[in-house]
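The values are calculated or read from the model by the stated rules, or taken from the named source; none is laboratory data. For clarity, every value in this text was computed on a predicted model and none was experimentally measured. Please note: Cβ atoms are built from the backbone with ideal geometry, for glycine as well, and neighbour counts cover all protein chains shown. What goes into the accessible areas is simple: the full protein's heavy atoms, side chains included, and nothing from ligands, DNA or RNA. Shrake-Rupley method; radii C 1.70, N 1.55, O 1.52, S 1.80 Å.
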Amino acid sequence: MSLKAIAEYSDRIEAEMARLALAAEGIDAHIFDGGMAGLGLGFMTPARIMVLPEDAAEARIVLEKHGQA
């Protein structure tokens, strides 16, 4: 299964809020590199929101709608 990055956040909490917004719309999303962002190193390795390629366009729309893109 290949995933596509649709957004990056320097803060793990912001990334988690974006993931929850996607989940509320029925889009399965995962956070990659959240541990580094959680340590305050998000400027070096941001937390990435990953979704299936076929969900990427809709996921971006959802994040824009929620002001999290």
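Excluding Ala57 itself, what net charge comes from residues whose Cβ is under 12 Å from its Cβ, given Lys and Arg +1 and Asp and Glu -1? Cβ neighbours under 12 Å give a net charge of -2. Of the listed residues His30, His66, the order by accessible area with a 1.4 Å probe, largest first, is His66, His30. In this rough spin-label picture, where each label sits 7 Å from Cα along the Cβ direction, the Ala23-Ser2 distance is 2.7 nm.
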